[in-house]
Amino acid sequence: MGISLALSALLTTSCIGGESSPSISIEFVALNDSMVVDQPPVPIGDTLYVGMVLTGYEFPLDYLQINVDREYFSDSICGDPQELSTIFTDFSNPTKGNYLFQKDIKTVAATWALVPSKAPKDYKEPFRVELILKSHSKVDEKFNPYYRNFWVYIADPTQQPSSK
């Protein structure tokens, strides 16, 4: 249960032309202010932070798309708005998880925050989070954009935590 960081991802390099695809590296996961390895379900109102490095290697980044069920979650890239404006264009739409990069941005360290806003009726099924990163690389479409997926459970508010 919790977040499954056995993330699915595509290969990062195409053999054709030797160009690299973009890549998303998960650097840390934290629940509120505590780092986690095997993260439990996320309670409503708590914040799951995912620290990642987005890189296009030698190629500028085009966009980052974050897909999550926004009926149950709110999310955002953390940071100072002025600093974020030097990374992402005004054409970005964070409420839909769409971040367009400024010209010539090749690598970004970013922290993404995810907050469950309500619980689903069925607590057995996790929510899929999909991260999509596209760069200017001319590698085959199966390598660019780069996809990374993981799963998040929302804690059942009717269950009391067990005491040990």
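The values are calculated or read from the model by the stated rules, or taken from the named source; none is laboratory data. Quantities reported herein were computed from a predicted structural model and do not represent experimental measurements. Every residue, glycine as well, gets a Cβ built from its backbone with ideal geometry; the counts of neighbours run over all protein chains shown. Please note that ligands, DNA and RNA were not included when accessible areas were found on the heavy atoms of the full protein model with its side chains. Shrake-Rupley method; radii C 1.70, N 1.55, O 1.52, S 1.80 Å.
Against the definition (open to solvent by less than 30 Å² (accessible area, probe 1.4 Å), modelled with pLDDT of 95 or more and at positive phi), how does residue 97 come out, yes or no? For residue 97, the condition - open to solvent by less than 30 Å² (accessible area, probe 1.4 Å), modelled with pLDDT of 95 or more and at positive phi - is met.
For segment 5-25, indicate whether the set of residues that are on the phi > 0 side of the Ramachandran plot and modelled with pLDDT under 95 is non-empty. First the steps, then the outcome.
Of segment 5-25, the ones on the phi > 0 side of the Ramachandran plot are 17-18.
This time we only want the ones that are modelled with pLDDT under 95, so: 17-18.
Yes, there is a match, as at least one residue in segment 5-25 is on the phi > 0 side of the Ramachandran plot and modelled with pLDDT under 95.
Residue-level analysis places residue 82 outside the set of residues that are assigned to a loop (DSSP other than H, G, I, E, B) and among the polar types (S, T, N, Q).
Any residue that is at pLDDT 95 or above and in contact with a Cys (Cβ under 7 Å, 6 or more places away or on another chain) - is there at least one of those in segment 72-94? No: segment 72-94 contains no residue that is at pLDDT 95 or above and in contact with a Cys (Cβ under 7 Å, 6 or more places away or on another chain). Out of curiosity, is residue 105 surrounded by 13 or more Cβ atoms within 10 Å (Cβ to Cβ) and farther than 25 Å from residue 37 by Cα? Yes.
With respect to residue 147, is the statement that it is open to solvent by 60 Å² or more (accessible area, probe 1.4 Å), under 12 Å from the mean Cα position of the chain (by Cα) and either at pLDDT below 95 or closer than 21 Å to residue 28 by Cα (or both) true? Reasoning before the result, please.
Working: open to solvent by 60 Å² or more (accessible area, probe 1.4 Å): yes; under 12 Å from the mean Cα position of the chain (by Cα): yes; either at pLDDT below 95 or closer than 21 Å to residue 28 by Cα (or both): yes.
Yes.
Once segment 54-68 is narrowed to residues that are in a loop (DSSP other than H, G, I, E, B) and of a type outside the set (A, V, I, L, M), the residue that is surrounded by the most Cβ atoms within 10 Å (Cβ to Cβ) is 56.
In the set (1) open to solvent by 60 Å² or more (accessible area, probe 1.4 Å); (2) assigned to a strand (DSSP E or B); (3) at pLDDT 95 or above, residue 51 fails one condition alone, (1).
Of all residues in segment 85-119, which are assigned to a loop (DSSP other than H, G, I, E, B) and within 22 Å of residue 30 (Cα to Cα)? Steps first, please.
At the first step, the residues of segment 85-119 found to be assigned to a loop (DSSP other than H, G, I, E, B) are 89-92, 97, 102-106, 117-119.
Of everything in segment 85-119, those that are assigned to a loop (DSSP other than H, G, I, E, B) and within 22 Å of residue 30 (Cα to Cα) turn out to be 97, 117, 118, 119.
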